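Right, one structure below, let's go through it.
The values are calculated or read from the model by the stated rules, or taken from the named source; none is laboratory data. Fair warning: this is a prediction, and the values are worked out from it, not measured in the lab. As a convention, Cβ positions derive from the backbone with ideal geometry for all residues, glycine included, and neighbour counts pool all protein chains shown. We work out accessible area using only protein heavy atoms, side chains counted, and drop any ligands, DNA or RNA first. Shrake-Rupley method; radii C 1.70, N 1.55, O 1.52, S 1.80 Å.
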Amino acid sequence: MQAALLSLVAAGASSSQIAEAAVNEWCEIDAVLSPIIGPHGVAALYKRALHLIRDDYPWLIAAHEHEGELLFNNFIQLKTALAKRTTAEASAANLSLYQSFHTTLVSLIGESLTHRLLTSILDNSLRGDAVQDTSS
Amino acid sequence: MTIGSNNVNKANINQLSTGVPGLDEVLGGGLPEYSFNVLAGPPGCGKTTLAHQMMFALATPERPAIYFTVLGEPPLKMLRYQQQFNFFDNEKIKDSIHFINLADETATGDLDKVLKRIVMEVETHSPGMVFVDSFRSVVLASRPENSSFLTLQQFIQQLGIQMTSWQATTFLIGEYFTESEPNPVFTVADGLIWLRQSVQRNSVVRKLEIMKMRGQPTLSGLHTFRISLEGIKVFAPPQLASADQANTEWPVKKRLCMGIPELDAMMGGGLPSGYSVLVAGPSGSGKSILAAAFLEEGARNGETGVIAAFEQRANRTRGSAIAKLIEKDLIGVVDTRVSALSVDEISALLIAEVRRLNATRVVIDSLSGFELTLAPTFREDFRESMAQMVSALASTGVTLLMTSELEDRYTDLRFSPYGTAFLTDAIIVQRYIEVQSHLERMIAVVKMRGSAHSNELRLFTIDEEGIHIGTMLRDHEGLLGGSPTRRSSVDYVDG
């Protein structure tokens, strides 16, 4: 995830493109995890990940809040929030969010199983890098 | 392995090895392939663990397993806790094992949707095994107003038909509290495995029962099981080994030395091979020392042995010679420190150790300690279980020595407080007697099935080298009363 976004930043992508790419990655994670731990399980982890980075990125959690509740709606709030920031801010915030999500998942089901479940996404990210490299 | 007729026109039912130690025996050989089973029991009794253990043992990339999680335990938690077991192999996930959450479909309360999703996933993955955990949640979530097209009964029947047609061995896992509760699931199922936790006083014992398993010679009754990091281990009742292994020859030819030459002489030349002997005596009379001598003598003759010691400080009382033999793995030790033991569990451990070492001598020291180690729920059936264990051990061909604490009562002649004396082929009794203001020890062979033996009451002493059997007290009478009286002025005479 990190490498793909950084390549986009390096390639001079706009914030909207960063946001678009980030949400695509999140949808892939959701597609892998939801069937296993259920959409509610993914939503709970995502909200926890947002909460853990609230001090560094208060604007990110604020974008998900509605009447005092955290919303989780197919990463629409994430996309909107990232698109409003600079590319550097957007990619850094998304990276933090992903790391926070990953760490939470690891703390619950362990490094090895997390890696096992998310292998395909890591592979995709690498493929994404390769495409970026050749196009630049 | 297959059951049923060898006739080519009849269906052969393959039996799958479950990977759960002891479970295949209890099931009557294994799990029938393509069977539709229910795994039931109250919360916390080990249903999910049993399901996972079988799944990890049986799933392959060619015949994967699908584990459907429903509303019950959150899948994240299940994955978190189940991976603590050694059988949980991360490498199998995604290739051989697919976890699929059905929360969305179940939440609608529409069983038709649940069934469609299950069938869709089964068609996609072509699994050899399907688990639905927990099935109870499916039942609770079904709302009559939403399931006008499909009732629970129809849902189960259709699920059963679909899974069998797709050649999947299926398990519905559910929380049920009473087996008498009329339940359509139980009728449709080919197999019904019930897990329980029985509580008596402070002890909790896990038990498993195969209430139904179509077409299989299952072992009836409640079978204890234990859950450790290795997973579930079921203790099937000890089975008699095949008759040809029971090598007690008749009339007795081969005899084993007890390690005390005078005692061998009293026993008519030693203990016949394959016999069981009970050494009964009061506390401190030297039963464990006799048992140690029996094992050491075996080691001297190149035989291996197994000991199950139930004394509080087993390591200290065994003596250095035995400790060395244990270190060299010439004597196997059965761990008796776990709580809430069952006789079946000890039998299984003993027999496994006998097979591992190809042992010929087995010592259980003592039956009194053994009984105390048992969970209270098993104490009532102690004699029956002991009888089963002794015959199972005997059928393996080993020679068994058991000790038994005998409260010194001088009003009657008793050999065992449990009525276990009838179980054994031979009995040696040790007692204290008072002679000239000294506490002396006395030994006698009171039973030796099918063999001549001495009827003498002999004095014996114990020193660092072990037991030394001495003379008879010819000039005394009333020895069994504990305080013999002198008949004449003649002193001790050699026996």
*Please go through the stretch B:76-93 and pick out each residue that is within 7 Å of chain A (Cβ to nearest Cβ) and open to solvent by 70 Å² or more (accessible area, probe 1.4 Å).*
B:R80
*When the stretch B:10-65 is examined, which residues are found to be under 22 Å from the mean Cα position of the chain (by Cα), without any contact (Cβ under 8 Å) to a residue 40 or more places away in the chain and open to solvent by 10 Å² or more (accessible area, probe 1.4 Å)?*
B:D24
*Starting from the stretch B:103-114, keep only residues that are more than 10 Å from chain A (Cβ to nearest Cβ), then list their pairs with residues that are of a type in the set (D, E) whose Cβ atoms are within a distance under 6 Å, requiring at least 6 positions of separation or different chains.*
B:K113/B:E105; B:V114/B:E105
*Return yes when A:A44 is open to solvent by 50 Å² or more (accessible area, probe 1.4 Å), on the phi < 0 side of the Ramachandran plot and within 14 Å of another protein chain (Cβ to nearest Cβ) and no when it is not.*
yes
*Just one of (1) open to solvent by less than 40 Å² (accessible area, probe 1.4 Å); (2) more than 21 Å from B:F225 (Cα to Cα); (3) within 12 Å of chain A (Cβ to nearest Cβ) trips up B:E73, so point out which.*
(1)
*All but one of (1) under 13 Å from the mean Cα position of the chain (by Cα); (2) part of a loop (DSSP other than H, G, I, E, B); (3) of a type outside the set (D, E, K, R) hold for B:A352; which doesn't?*
(2)
*Do we have any residue at all in the stretch A:86-104 that's at pLDDT 90 or above, open to solvent by less than 10 Å² (accessible area, probe 1.4 Å), farther than 16 Å from A:A22 by Cα and within 14 Å of chain B (Cβ to nearest Cβ)?*
no
*Any residue in the stretch A:18-27 that is in a helix (DSSP H, G or I), within 14 Å of chain B (Cβ to nearest Cβ) and open to solvent by 50 Å² or more (accessible area, probe 1.4 Å)?*
no
_Residue list for the stretch A:1-17, filter: open to solvent by 50 Å² or more (accessible area, probe 1.4 Å) and either assigned to a helix (DSSP H, G or I) or farther than 19 Å from A:A83 by Cβ (or both)_ = A:Q2, A:L6, A:A10, A:S16, A:Q17
*hydrophobic (A, V, I, L, M, F, W, C), part of a helix (DSSP H, G or I) and within 18 Å of B:I427 (Cβ to Cβ), is that true of B:V390?*
yes
*For A:G68, state whether it is over 30 Å from B:H98 (Cβ atoms) and free of Cβ contacts under 8 Å to residues at least 40 places away in the same chain.*
yes
